[in-house]
Amino acid sequence: MAGQEDPVQWEIHQDWANWEYIEVITSSIKKIADFLNSFDMSCCSRLATLNEKLTALERRIEYIEAQVTKGETLTWNYTMLLLGSCFMEYRPTWERPQQPQLLPLS
């Protein structure tokens, strides 16, 4: 009987070793899948935000192109409103507001 217990115990030991190995692999695969899912959600959110910004810029460009094609001139303030405030510091000298001239009272 002692000879039959050794192979059985060896098989049980091998089964436990295999089970532990499978558990490590399964756990690792679950961690990778969780990371990929969270990365996908993060990327989708960021891409959606970028898409909204690009769509808004495309609309502004199309409007400006349509105005230029029609030969209409845009005022400086309206152009800056369309393009955004990132260029507000620069203003050509020929479009700077002039000081109002005072008329004599008499």
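Results, tabulated for the structure shown:
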item	result
Length added when fully stretched, GLU65-ASP15, from 0.36 nm per residue minus Cα-Cα	10.7 nm
Packing-based order for 58-67, 29-38, using average beta carbon neighbours within 10 Å, highest first	58-67, 29-38
Karplus 3J(HN,Hα) series, Hz, for the range 56-70 with 6.51 cos²θ - 1.76 cosθ + 1.60 (x for Gly, Pro)	5, 5, 4, 5, 4, 5, 4, 5, 5, 4, 5, 5, 5, 4, 6
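Coordinate-derived values only; no laboratory data. Bear in mind that the values here come from a model prediction, so they are computed numbers and not experimental data. So basically every Cβ, Gly included, is an ideal-geometry build from the backbone, and we count neighbours across all protein chains shown.
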